[in-house]
Amino acid sequence: MAVIALVSGKSSGVTCSALALALSSPKPSLLVEADPAGGTIRAGYLGGEGSAATGLHRLAAADRQGTLAREFSHHFVSLDRDNTGQRMLLPGLTDPTQAASLNRTWDPISRLLGVMDQTGHDVIIDAGRILTESETRLSATRYPTPLLHRADAVLMVVRTTQASIAAAAPAIRVLREELAHHGTGSDALGLLLIEEGSFNSSQVQQHLQAPVVGMLAWDPDTADVFTHGAYKKMPRTLLRSARTAHQTINELVTRRRVQLRPAGMQVVTGRAS
């Protein structure tokens, strides 16, 4: 079980990648649409199902009223088409202007996500394109920075194209500094590659000076289903590669938790206790 945040330097398929990881997780999963630009999964993949009365945009008010912990899970909707409840979504903002209202709510949300992890869930956070306030800091007011601080792994989604690699380079530098000084360490940072272009993993890793933690297949047909929600038979190439990526991501998480746990503490189901 892990808390994994996905980010990008520019539009690179973060939402499709996060959805693929959530749907392919070997454990129950919760996908959090934390992109301050707004959520798209409910309108796209879920075909508009669900009520606007639920979602991330409602949690700031619950936090102010002191009911956040009690109401948190009431805002989940099912990603499973058979409604088994194994794959859940916390839908994102319906309007980017709502992001400012969550400024003080991101931190308590991050703690609640830690509880979800301890109860056996993989938590996948779609944090979208990073927003910065300097060359070394993420925005503290416009971006869900506390979610990245507490994540077991922060994965930059990069297509294996020249343009995507170039866009990721400055974002990688900011994330490395942010996690080193305010998160759990710069070694939480890794790359999740989408195999669209001609660069191989070694070339991307060398250019960005960050480890490749997982590879996702370039699968436009599945991405189309994820984006537009057409209820047709979905190709499995992307999901198969996402299942493989889970193995290497969880190896990173396990290794980091062992390194970070205080002396004398035991690791139970992947979490220090």
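The values are calculated or read from the model by the stated rules, or taken from the named source; none is laboratory data. The structure presented is a predicted model; accordingly, all values stated were derived computationally and were not measured. With ideal geometry, Cβ positions are generated from the backbone for all residues, glycine too; neighbour counts draw on all protein chains shown. Only protein heavy atoms, including side chains, enter the accessible area calculation; ligands, DNA and RNA are left aside. Shrake-Rupley method; radii C 1.70, N 1.55, O 1.52, S 1.80 Å.
One quarter of the convex hull surface, Cα atoms only: what value does that give for the range 168-238 in nm²? Each step should come with its number before you reach the end.
Working: hull surface 24.3 nm².
Taking the Cα atoms of the range 168-238, their convex hull projects to 6.1 nm² on average.
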* Structure fact -> Looks like the range 1-64, by Cα gyration tensor root eigenvalues a ≥ b ≥ c and the a/c under 1.5 rounded cutoff (else prolate when a/b is bigger than b/c, oblate otherwise), is rounded
* Structure fact -> Here, trypsin sites (Lys or Arg not before Pro) of the range 89-160 satisfying both criteria (DSSP loop; at most 13 other Cβ within 10 Å) are 104
* **the chain - accessible surface per residue (Å², probe 1.4 Å)** => 44
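Just in the range 14-76: which GluC sites (Glu not before Pro) are loop by DSSP and have at most 13 other Cβ atoms within 10 Å?
Answer in residue order: 49.
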* Asked: Using the alpha-carbon centroid of each, what span in Å lies between the range 47-118 and the range 9-24?
  -> 18
* Asked: Over the Cα atoms of the chain, how large are the radius of gyration and the largest Cα-Cα distance (Dmax), in Å?
  -> 17.4, 52
* Student exercise, the range 138-245 dipole from Lys, Arg, Asp, Glu Cβ charges, in Debye to nearest 20 -> 220
* Asked: Of 39, 204, 79, which is farthest along the charge dipole of the chain in the positive direction, counting Lys and Arg as +1 and Asp and Glu as -1 at C-beta?
  -> 79
* **Among beta bridges that DSSP assigns inside the range 127-260, antiparallel share in %, nearest 5** => 10
* Per-selection Rg to Rh, the range 46-154 - Cα, Kirkwood hydrodynamic radius -> 0.96
* Shape of the range 92-242 from its Cα gyration tensor (a ≥ b ≥ c, root eigenvalues): rounded if a/c is under 1.5, otherwise prolate when a/b > b/c, or oblate? -> oblate
* To do: Could you give the size of the charge dipole of the range 99-188 about its Cα centre, using +1 on the Cβ of each K and R and -1 on the Cβ of each D and E, expressed in debye and rounded to the nearest 20?
  => 240
* Asked: Which percent of the accessible heavy-atom area of the chain goes to carbon and sulfur, probe 1.4 angstrom?
  -> 50
* Asked: Rounded if a/c is under 1.5, else prolate if a/b beats b/c, else oblate: with a ≥ b ≥ c from the C-alpha gyration tensor eigenvalues square-rooted, which is the range 37-92?
  -> oblate
* Asked: Which value in deg cm²/dmol, rounded to the nearest 500, describes the helix-derived mean residue ellipticity at 222 nm for the chain, given -39,500 (n - 2.57) per DSSP H run of n ≥ 4 and division by the residue count?
  -> -11500 deg cm²/dmol
* To do: Would you work out the charge dipole size for the chain about its Cα centre, treating the Cβ of every Lys and Arg as +1 and the Cβ of every Asp and Glu as -1, and quote it to the nearest 20 debye?
  => 400
